Amino acid sequence: MKRDHRDNCTDQNGSKGEYSSSSSSVLNGKAKIWEQDQDGCGGGGGMDELLAVLGYKVRASDMAEVAEELEQLEMVMGSAQEDGISQLSDTVHYNPSDLSGWVQSMLSEFNTVDGSPIDDPLFIAAGSSSITSIHFSNSHQIENPASRVFHDDSEYDLRAIPGVAAYPQTHLDSEAESRRKRLKTSIGSNSIGSNSGVGADSGSVSDPARPLVLVDSQETGVRLVHTLVACAEAVQQENLKLADALVKHVGLLAASQAGAMRKVATYFAEALARRIYRIYPQDSLDSSYSDILQMHFYETCPYLKFAHFTANQAILEAFATANRVHVIDFGLKQGMQWPALMQALALRPGGPPAFRLTGIGPPQPDNTDALQQVGWKLAQLAETIGVEFEFRGFVANSLADLEPSMLEIRPPDVETVAVNSCFELHPLLARPGAVEKVLSSIKAMKPKIVTIVEQEANHNGPIFLDRFNEALHYYSNLFDSLEGSSGPSQDLVMSEVYLGRQICNVVACEGQDRVERHETLTQWRGRMDSAGFDLVHLGSNAFKQASMLLALFAGGDGYRVEENSGSLMLGWHTRPLIATSAWQLASSTESTR
C-alpha cells in the first residue's frame with residue numbers, strides 16, 4: 001500500500017482531505033496566483049502565491065522553465081557524489097529571492113566546474129517532489145467561498161525564523177573545488193528531489209554580502225513544534241489571518257522531517273487547517289470504518305492487546321467460582337477480546353461455566369447485522385472448545401440510550417455479571433449527563449466486576465490551547481512507538497490513519513461532534529467514586545503477566561507497564577498512554593442487595 005502521507009479524516013460524503021507531496025500542485029500553476037505591484041510599475045503580476053510567501057519570486061509564465069531547470073539541477077547534484085559529500089547532513093544553503101536566477105546561477109557554476117552538459121535526456125527525465133500542499137476535496141465548508149476572509153497578502157513575515165547560525169560569505173571567488181563543494185552542500189536542503197522544504201529566508205547567490213544559514217533537521221523539528229503551537233494559539237485568539245499563514249508554514253517545515261515527527265505534524269496541520277477554514281470532517285468516526293482501522297491498530301502495537309488481557313484477567317478472577325457468567329460488552333466491534341477469555345474459562349478446573357455474552361454496538365451504514373455475525377463466529381469457537389454459549393446483540397446510537405431492563409439481567413444467585421468498556425466511556429462526555437446515566441445503569445445491573453480501559457490523557461479541558469498541547473505530546477509518543485513496529489506495512493499505515501482520525505476530531509471539532517474527549521485515570525476515579533463504585537486492585541499476577549505479554553511483543557523495547565494505585569498503565573518509555581482499572585459496587589451498595 002503506497003504511503004503518501006494522505007490524511008483520512010473524512011467528511012460527510014466519505015471523501016478524504018489529503019496531504020500530497022507533489023510539486024505539480026505548485027509548479028504546474030494549480031496554486032492560486034496573486035497580483036503584486038513591483039517597484040511601483042505595476043508589472044509584477046502573476047507571482048505564485050505559495051512560493052512568494054517564502055520569499056521566492058516566480059512568475060506564472062516562468063513556472064515551466066523553472067521546473068525544468070530545477071529537475072536538471074537535481075540530476076547534476078545526484079550525479080556528483082563521488083567525492084563523498086553528503087547532502088543529508090547539516091547543510092549550508094542560500095535563500096534566494098529570485099528563484100529562477102538562482103537556479104540558472106547554480107547550473108552555470110556546475111558547467112564551469114565540471115564542464116559537462118546539463119541537457120542530457122536522463123536529467124530532463126528525472127522525477128521530482130517538493131513542496132507539501134494541502135487539498136480538501138468534497139469537504140463540508142460552513143461559510144460561502146465567496147465570503148472567505150483569508151487573503152494571501154499577509155503582513156506576517158514567516159521568513160524571520162532564524163537558522164542555528166549565520167556566517168558572512170567572504171570567499172565566493174575561491175578555487176573551483178571549494179566552490180563546487182559549497183554549491184553541492186547548499187542544494188542538499190533546497191533540492192527538488194530531497195525531502196526538505198524550500199528555504200524560508202531570502203537572498204541571492206550573486207550577492208557576496210548575503211549570509212549563509214546553517215540548518216539541521218533537529219533545529220527544524222523544534223521550529224516545527226513551535227510553529228504548530230503558535231498556530232494553535234492564533235486559532236484560540238481567533239487571529240485567523242496569522243493562523244492561516246502559520247499553518248501553511250507548518251506543511252513546509254514538516255516536509256523536511258522524517259518518521260514519526262513528519263507524520264504527526266502532518267495530521268495536526270490538517271486538523272488545524274480544517275478548523276481555520278471551517279471545513280469540518282463530517283461523520284469522521286464512522287463506526288464500520290473505525291472498527292476496521294482498530295483491527296489494524298490491534299495487530300500493529302500492544303496497546304489493545306494489553307487492554308484486553310488486563311481486563312480479561314480481572315473478569316476471570318471475578319468468575320472463579322461462578323457456574324453461569326454473563327459479560328456485557330459496551331463495544332463489541334469485532335469481538336477480538338473474547339476468544340482468549342473463553343479459552344481460559346474452558347481450562348478452568350471443574351469445567352467451564354455457561355458463558356453468556358451481550359454485545360452492544362452502533363448501527364451500521366449498510367444496515368447489516370454485524371453484531372450477529374460476530375456472535376455466530378464466537379459460537380463456533382465455543383462449540384469447538386466445549387463452552388456452553390449464548391449471545392445477544394443490541395444496536396444503540398449511544399450507551400446512554402440503553403436501559404438495564406433491555407438486557408434481561410438475571411439475579412446474582414443465577415449468574416455472575418461483568419461489565420466491560422474498552423474506550424467506550426469518553427465519547428459520552430460530549431453529551432451532558434450521559435456518563436452519569438450510564439454509570440447509574442451499570443449500578444442497576446449489579447455486576448460483580450466492571451472493567452474500564454481509557455486513554456491516559458486529558459483532551460477534554462475547556463481551553464483549546466491546553467487540549468492541543470496535551471494532544472500533541474500524547475500522539476507524538478503514540479506515533480513514535482509505532483515506528484518500531486515490525487508488522488506488515490499495511491497494518492502500520494492503517495494504524496496511523498486510526499490515530500490521525502482521532503487527532504482530527506480532538507483539534508478540528510467542537511460541541512457534540514467532538515467525541516474524542518479523553519480523560520485521565522484520576523478523573524475517571526473521581527467519576528466512579530461519585531457513582532458508588534470502589535476500585536478493585538489488579539494484583540501483582542496481572543502485572544507480571546502483562547509484562548510477559550510485552551516481552552513477547554517485539555521484545556517490549558520502549559513499552560512500560562506501570563502500577564498506579566491498583567490500576568495498570570501501559571506507556572511508551574516514561575509516558576503512560578492507556579490505563580486499565582477494575583471496579584465493584586461500593587460496600588454500602590453491596591449491603592443493600
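Things worth noting here:
- Filter pass, THR416 being of a type in the set (Ser, Thr, Tyr), surrounded by 15 or more Cβ atoms within 10 Å (Cβ to Cβ) and in the same structural domain as GLN313 (by TED's automatic domain parsing): yes
Here is a yes/no grid of residues against (1) over 16 Å from PRO447 (Cβ atoms); (2) charged (D, E, K, R):
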{"residue": "HIS326", "(1), (2)": "no, no"}
{"residue": "PHE330", "(1), (2)": "no, no"}
{"residue": "MET336", "(1), (2)": "yes, no"}
{"residue": "PRO339", "(1), (2)": "yes, no"}
{"residue": "PRO362", "(1), (2)": "yes, no"}
{"residue": "ALA396", "(1), (2)": "yes, no"}
{"residue": "ASP413", "(1), (2)": "no, yes"}
{"residue": "VAL419", "(1), (2)": "no, no"}
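- Helices (runs of 4 or more DSSP H) wholly inside segment 423-524 that include at least 3 residues being more than 27 Å from ALA232 (Cα to Cα), not aromatic (Phe, Trp, Tyr) and not assigned by TED's automatic domain parsing to the domain that holds TRP572: 489-508
- SER495 being closer than 17 Å to TYR298 by Cβ, at pLDDT below 95 and within 16 Å of the chain's Cα centre (by Cα): no
- For segment 267-300, a tally of residues being buried (at least 20 other Cβ atoms within 10 Å of the Cβ), modelled with pLDDT under 95 and small (Gly, Ala, Ser) returns 1.
- Only one of GLY558, GLY511, GLY566, GLY571 that is free of Cβ contacts under 8 Å to residues at least 60 places away in the same chain and among the small types (Gly, Ala, Ser): GLY566
- Of the residues making up segment 352-395, those that are under 18 Å from SER421 (Cα atoms) and β-branched (Val, Ile, Thr) are THR358, ILE360, VAL374, VAL395.
- Residue that is modelled with the lowest pLDDT, among those in segment 535-577 that are closer than 17 Å to ALA314 by Cβ and touching an Asp or Glu at 6+ places or on another chain (Cβ under 6 Å): PHE543
The values are calculated or read from the model by the stated rules, or taken from the named source; none is laboratory data. Keep in mind the model is a prediction, meaning the values are calculated, not measured. Every residue, glycine among them, receives a Cβ derived from its backbone with ideal geometry; neighbour counts consider all protein chains shown.
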